Amino acid sequence: MTIDHHLHTPTPTADAAGTWRLGDRTVNRLGLGAMRLGGMPWEPPRNRDDALAVLRRAVELGVDHIDTAAFYFTPTRLANELISTALQPFPDDLTLVTKVGPSRSRDGEFEPMARPEQLRGQVEENLRQLGIDTIDVVNLRCGTSMDKTDASIAEHLGALAELRDAGLLRHIGISNVTADQLAEALTVTPVVSVQNRYGLTDRGDDDLLELCGAKGIAFVPFFAVATASGASPDGPDTTGQAQISSIAEKYDASPAQIRLAWTLHRGPHVLAIPGTGNPAHVEQNIASASLRLDDADLATLDAIAAG
């Protein structure tokens, strides 16, 4: 926890929710997602200085886990370049996680899922943009949409395992997968994380979250807050808005902070990677690590998806 000398009050820091291990890397459970740093394709470009400030402030407040991808770019912004510019030389305790599988052409259109032999080029693209020699964790992201498939991922993971043995990456994760694909993955290589769409009102992977906990694998939700804040073409998710707002008022917090706090309460292996390009929002997101919801609050929130 740091001290804000202007207010003489403690500023919440990312370590408040505890830590988890990604292979040989220990990270605070509250991290940062880089997707929104430069803005989303349907938004005006974000201010570059704001994006750099978000990254620097996040690290100042204890964020040591940043999730990114080479395909996170807009016509004028590239997430990996922003990260490299803001934070080089990288702190020794900073864990960088990227994902491969999808890619986008120079005009921004998604291309077909990479073949196994194309993954080296994608890993090297991330290395080059970040200005590093080894990536801490590389997730195989299955598919180029939110829809999961039942396709085999063994050959792709075998290719990533070869790149790990060659020193280009340290650990392997998987993203947008089913329980069967996780089981298949574990026959090929150790897996340190599963990154799937999941949140308070998006509970389809409850069983997979529990399975990851039983196996000691990190579960890393994406879009845990995004649809609630309108950061999606689908618009804001208003499910349970009254209950969430009531609990937020109780804790003098925002609904987004309550959603993040709920996410962190789902298990010690659950990591949160909220993204933003707004320096004020990054502090609010990090403060979520300090929120402790009581049993009654959790019961109310758990009932929203069931309703």
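Surface composition of the chain: carbon and sulfur make up 50 percent of the accessible area, probe 1.4 Å.
Here the stretch 284-305 is scanned for amide nitrogen atoms under 19 Å from the site 7 Å beyond the Cα of Asp252 along Cα-to-Cβ, giving 284-294. For the pair Asp93 and Thr300, label points projected 7 Å from Cα toward Cβ lie 3.5 nm apart. Ordering 87-95, 65-73 by mean Cβ neighbour count within 10 Å, with the highest value first, yields 65-73, 87-95. Computed extension gain for Thr26 through Thr76, at 0.36 nm per residue and net of the alpha carbon distance, reaches 14.7 nm.
The alpha-carbon of Lys148 sits under 28 angstrom from the alpha-carbons of these lysines, leaving out residues fewer than 8 places away in its chain: Lys99, Lys215.
What separates the Cα centres of the stretch 32-98 and the stretch 117-186 is a distance of 20 Å. The slack in the chain from Thr187 to Glu60, taken as 0.36 nm per residue of separation less the alpha-carbon distance, amounts to 41.8 nm. Look at the dipole of the chain built from charges on Cβ: of Leu298, His265, Ser103, the Cα furthest out on the positive end belongs to Ser103.
Put a plus charge on the Cβ of each Lys and Arg, a minus charge on the Cβ of each Asp and Glu, and nothing anywhere else: the dipole of the stretch 1-117 about its Cα centre is then about 180 debye. Once the 1.4 Å probe is applied to the protein heavy atoms, the chain comes out at 44 Å² accessible per residue. What does a probe at Glu111 reach in the stretch 45-73, counting residues whose amide N is under 18 Å from the point 7 Å along Cα→Cβ? Backbone N within reach: 69-73. Specify whether the C-alpha gyration tensor of the stretch 170-307 places it in the rounded, prolate or oblate class, a ≥ b ≥ c being the square roots of the eigenvalues: rounded for a/c under 1.5, otherwise prolate if a/b is larger than b/c and oblate if not. It comes out prolate by the Cα gyration axes. Once the Cα-Cα distance is subtracted from the 0.36 nm per residue extended length, the Arg48 to Gln241 segment shows a gain of 66.2 nm. A cut-off of 5 Å between modelled amide H atoms, ignoring neighbours fewer than 5 places along the same chain, links Thr11 with Thr2, Ile3, Asp4.
The values are calculated or read from the model by the stated rules, or taken from the named source; none is laboratory data. Quick caveat, the model's predicted, so the values are computed rather than measured. We place every Cβ from the backbone using ideal geometry, glycine too, and count neighbours over all the protein chains shown. Heads up: the accessible areas ignore ligands, DNA and RNA and are worked out on the full protein's heavy atoms, side chains in. Shrake-Rupley method; radii C 1.70, N 1.55, O 1.52, S 1.80 Å.
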